[in-house]
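The values are calculated or read from the model by the stated rules, or taken from the named source; none is laboratory data. Because the structure is a prediction, the values reported are computed rather than measured. Please note: Cβ atoms are built from the backbone with ideal geometry, for glycine as well, and neighbour counts cover all protein chains shown.
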Amino acid sequence: MTRPQSHDAPVALALRGIDKRYGNVQALSTATLEVSPGTVHALLGENGAGKSTLMRIAYGLERADAGTMLLWNDPVRITSAADAIARGIGMVHQHFTLVPAMTVAENIALGGRGRLDLARVAKRVDELSASTGFALDPAARVETLSVGAQQRVEIAKALVRAARILILDEPTAVLAPAESAELLRWVRAYADAGNAAILITHKLREALGVADEVTVLRRGRSLLTARRDDVTPDTLTAAMIGEELAGAKTRSFTEDARTLAAPGVVFRADSLTLADSAGIVRVRDAAFEINGGEIIGIAAIEGSGQHELLRALAGRLTPESGVLERPSAVGFVPEDRHRDAVLLNRSLSENVALRGAGARRGIIDWSAVSEQTERLMREYDVRADDAAVPIRTLSGGNQQKVVLARELALESDSPLALVVENPTRGLDVRATADVHARLRKAAHDGAAIVLYSSDIDEVLLLASRVFVVFERTVRELPLDREQIGRAMVGAA
Amino acid sequence: MSHGARASAFRRDSVAWELARAVLVLLAIVGTTALLLLVGGYSVGNGLAALWRGSLGSWYAFTSATLVRAIPLMLTGVAVAVAFRAGVLNIGAEGQLLAGAAAATAVALSPPGLPTVIVVALALTASAAGGAGWASIAAFLRARFAVLEVISTIMLNFVALYAVSYLVRGPLQEPTHVYPQSSTIDDALHLSRIVGAGRLHSGLLLALGVSLVAGWVLRRTAAGFRLIAAGESPSAATSAGGINVVATTTATFLVSGALAGLAGGVEVLGVTFALYENISPGYGYTAIAVALLARLDPWRVAATALLFGGLEAGAGAMQRDAGVPSTLVTVIEAALILAVIAVGALRRRSPAADVATTPIAA
């Protein structure tokens with residue numbers, strides 16, 4: 001590890017030895033980030049590495065459990081976003097915080113105090129447009145603007161409040177290539193004027209293209225801090241995903257799964273193209289086969305098209321074009337359990353009855369449903385008083401077991417198939433192990449399982465084969481942590 | 001079941017809680033009324049006595065005042081409860097009731113020729129269709145353009161009110177064209193009185209039947225379960241249940257409108273025997289309080305409708321017998337609704353008691 005400067009060198013922003021714990025998850029441990037004036041600093045890491053948490057601490061949205069923070073060489077304690085803004089820190093979130101029905105000037109004036117003088121704000125926006133080249137129309141309504149223009153409004157909001165340190169969270173994720181290039185050019189110029197920019201990203205090419213320095217976070221620790229010239233895509237990838245492979249355990253299990261794999265194609269796709277709800281193509285020309293007894297791990301960084309791929313396989317999304325053969329009933333465990341999988345206020349029985357409720361007719365035999373539910377509760381070791389308690393009273397792990405049990409319950413004679421998305425998110429170690437054991441057992445019993453996890457180690461731990469989704473392309477890769485990691489960020 | 005003992009203890013606890021709540025509701029009624037009478041400078045004793053006499057004080061008051069008013073409240077209360085359970089905030093029961101009343105009147109006044117039983121059945125069917133038709137405007141706007149039904153149904157209430165104003169001065173006005181009301185409906189078409197119960201008519205049986213069936217549908221049928229799931233979480237209903245949420249909520253909206261319309265038909269054929277402007281003293285609005293206090297359970301609506309029917313009847317008696325001016329009575333009525341709802345909203349701290357629950361066998 002190389003340090004680009006000693007502790008005496010001037011810093012724009014320094015976070016040292018930051019710890020942050022959520023429940024029993026250590027999100028950050030002794031994480032350190034030092035940003036020099038006049039530089040663009042790329043903060044790299046996989047999903048869940050702690051990048052956003054660290055920046056939320058810097059911006060006052062979260063409090064660190066331990067550690068110190070320096071701003072322009074002075075120790076500071078930032079307790080709120082208002083505090084951060086007052087001290088010249090700006091943040092552009094991945095999901096914009098604009099009011100669509102308001103004009104650009106009104107959005108920029110939001111959060112100000114005292115009398116609202118829109119004419120003055122509009123004048124300020126015009127000045128800003130001139131100095132940044134953003135070409136913002138103060139009177140335009142935000143909802144009529146392109147995504148790129150909306151992002152420029154977000155940046156303008158920070159600049160109007162004299163931000164000299166700008167945090168950009170995945171700024172290019174929503175932009176077209178030309179817009180991305182333009183934004184990065186502006187970031188460069190902003191830093192060259194003596195400010196500092198922090199770019200949260202998981203795109204290596206982008207980081208290496210614009211940044212002066214990079215810091216890599218992995219599992220809440222700063223793994224590497226270096227000047228751009230001292231790193232290569234390979235060293236960065238290695239730092240991001242770790243050099244140690246998941247090891248023998250993964251391998252031997254995979255071989256087990258292979259030998260046990262029951263023949264028989266359960267899913268088959270050919271020149272499959274999928275679009276999201278806005279009609280934007282997210283997966284193009286995918287072709288694959290998935291057999292019974294396999295666990296297919298999907299590895300991808302956020303927004304690569306895996307969301308649509310999983311929903312198409314689960315029958316929740318109709319393909320744009322191409323062939324997708326799948327069983328009539330596919331179990332689906334979505335990542336947002338509370339929103340998409342359960343009726344929180346209803347009983348366990350009712351949540352079990354929910355599957356297939358759209359096609360059911362006539363009278364529901366609730367005593368049969370509750371018998372079935374109690375059988376599933378015993379089989380899956382669900383800890384609850386009885387089948388009549390509302391599911392919201394259960395722990396996350398027990399809720400997830402109910403969902404898994406429901407989705408794995410065999411329907412008619414269709415082959416058993418299950419699509420799971422981040423199935424252990426928010427679960428503790430024990431519950432995670434339970435869920436893993438259930439998935440393995442289901443595959444062992446002949447089910448075809450498709451698993452997406454934003455934790456690449458979880459994918460490797462369970463998968464018998466891995467598909468990587470990157471920029472609309474689905475391809476199979478060998479079970480090699482490094483190769484997969486590189487493919488996920490487009491470095492391979 | 002190994003947890004049986006614990007589960008039944010839980011349920012006993014619930015029953016005790018329900019009783020405590022009922023007592024609190026009664027205390028709130030007495031307390032609020034007494035307070036407002038005191039503030040207005042009227043005799044608290046006389047006022048409360050009139051409230052009692054007008055609602056439960058005699059068999060006549062109970063049947064001819066309380067129960068007669070409970071009938072439209074029961075039907076509109078079930079209408080609101082069912083809609084709210086599906087996540088459809090139908091505030092338009094009043095307008096749907098008026099549409100139903102107008103439709104029933106039109107059928108009942110059309111030239112005779114059919115047996116009276118058939119005409120009555122047709123008139124009631126027309127009232128349900130009228131209510132559903134009126135609700136369909138808001139249901140369509142919701143399903144097609146995501147127009148908030150809270151707004152559209154309130155607006156449509158006023159449209160219905162003025163439409164009735166027009167009808168009783170135009171197409172449906174009595175032949176002398178003097179009074180803003182329709183002709184009186186033929187005696188043969190009136191809903192039969194319940195023997196020995198004064199002005200109480202057989203609409204009560206219909207209302208009780210509707211409450212019973214609606215509660216059963218919600219508890220036992222697949223369609224009822226889809227409705228509840230769509231109301232609890234549209235996203236989970238769609239994703240995990242494969243439920244067509246738009247179709248489910250739209251159908252529920254229409255059924256809700258039909259029930260409110262039926263209330264109008266029953267009122268015309270059982271109580272007013274003619275259509276005129278103030279046919280409903282706001283039953284469709286009180287229905288929201290009726291449904292909420294019943295925690296959106298159609299079975300409990302039968303009980304809460306009775307309570308509010310008694311309040312309406314007793315308030316009328318206060319005005320007649322205790323000399324309390326009608327304006328103050330209106331204030332008392334409104335305050336009573338708020339007090340009752342406030343007490344009804346008291347919850348045990350257990351999150352399980354937070355919501356209207358449909359108990360199912362377990």
message: Out of everything in the stretch A:129-149 that is under 33 Å from the mean Cα position of the chain (by Cα) and assigned to a helix (DSSP H, G or I), what residue ends up being nearest to A:ALA189 (Cα to Cα)?
response: A:THR132
task: Look at A:THR2 and say whether it is β-branched (Val, Ile, Thr) and modelled with pLDDT of 85 or more.
output: no
field: Search result, residues across the stretch A:321-362 that are under 27 Å from A:ALA384 (Cα atoms), among the small types (Gly, Ala, Ser) and more than 7 Å from chain B (Cβ to nearest Cβ)
entry: A:GLY331
message: So A:ARG406 ticks every box in (1) among the charged types (D, E, K, R); (2) more than 14 Å from B:GLY241 (Cβ to Cβ); (3) within 11 Å of another protein chain (Cβ to nearest Cβ); (4) touching a residue at least 40 places away in the same chain (Cβ under 8 Å) but one. Which box is left unticked?
response: (2)
- request: Please give the number of the condition B:THR221 fails out of (1) at pLDDT 95 or above; (2) out of contact with any strand residue (DSSP E or B) (no Cβ under 6 Å at 6 or more places or on another chain).
  value: (2)
- prompt: Regarding A:GLU213, is this residue buried (at least 17 other Cβ atoms within 10 Å of the Cβ) and under 21 Å from A:PHE470 (Cα atoms)?
  reply: no
message: Given (1) under 19 Å from the mean Cα position of the chain (by Cα); (2) surrounded by fewer than 24 Cβ atoms within 10 Å (Cβ to Cβ), identify the lone condition not met by A:ARG440.
response: (1)
query: If we keep just the residues of the stretch A:371-384 that are outside any helix (DSSP H, G or I) and surrounded by 15 or more Cβ atoms within 10 Å (Cβ to Cβ), which is farthest from the other protein chains (Cβ to nearest Cβ)?
result: A:TYR380
task: Sort out which residues of the stretch B:174-225 are within 17 Å of B:ALA103 (Cα to Cα), touching a Leu at 6+ places or on another chain (Cβ under 8 Å) and of a type in the set (S, T, N, Q), and write them in order of number.
output: B:GLN181, B:SER182, B:SER183
message: For the stretch B:54-75, check the following and say yes or no: at least one residue is at pLDDT 95 or above and farther than 30 Å from B:ALA322 by Cβ.
response: yes
query: Is there a residue in the stretch B:184-196 that is assigned to a loop (DSSP other than H, G, I, E, B), more than 14 Å from chain A (Cβ to nearest Cβ) and over 24 Å from B:ALA123 (Cα atoms)?
result: yes
task: Please tell me if B:ILE243 is closer than 20 Å to B:PHE140 by Cα, of a type in the set (A, V, I, L, M) and within 9 Å of another protein chain (Cβ to nearest Cβ).
output: yes
- prompt: Of all the residues that make up the stretch A:444-476, how many are surrounded by fewer than 18 Cβ atoms within 10 Å (Cβ to Cβ) and assigned to a strand (DSSP E or B)?
  reply: 3
- prompt: Would it be correct to say that A:THR172 is surrounded by 18 or more Cβ atoms within 10 Å (Cβ to Cβ) and without any contact (Cβ under 8 Å) to a residue 60 or more places away in the chain?
  reply: yes
- prompt: In the list A:ALA84, A:ALA49, A:ALA27, which residue meets the criterion of being among the hydrophobic types (A, V, I, L, M, F, W, C) and closer than 23 Å to A:VAL153 by Cα?
  reply: A:ALA84
Unique match (being free of Cβ contacts under 8 Å to residues at least 12 places away in the same chain, away from chain B (no Cβ under 12 Å) and either in a helix (DSSP H, G or I) or not hydroxyl-bearing (Ser, Thr, Tyr) (or both)) among A:LYS441, A:LYS401: A:LYS441
field: Whichever residue in the stretch B:272-290 is among the aliphatic types (A, V, I, L, M) and part of a helix (DSSP H, G or I) and, among such residues, is modelled with the lowest pLDDT
entry: B:ALA289
- prompt: Could you list, in sequence order, the residues of the stretch B:199-224 that are in contact with a helix residue (DSSP H, G or I) (Cβ under 6 Å, 6 or more places away or on another chain) and either closer than 22 Å to A:SER367 by Cβ or outside any helix (DSSP H, G or I) (or both)?
  reply: B:ARG199, B:LEU200, B:HIS201, B:ALA214, B:GLY215, B:VAL217, B:LEU218, B:GLY224
message: Taking the conditions exactly as written (at the interface with chain B (Cβ under 9 Å from one of its Cβ atoms) and farther than 19 Å from B:GLY87 by Cβ), does A:ALA314 satisfy them or not?
response: yes
- line: Scanning the stretch A:338-370 residue by residue, the ones that are within 14 Å of A:ALA405 (Cα to Cα) and assigned to a helix (DSSP H, G or I) total 10
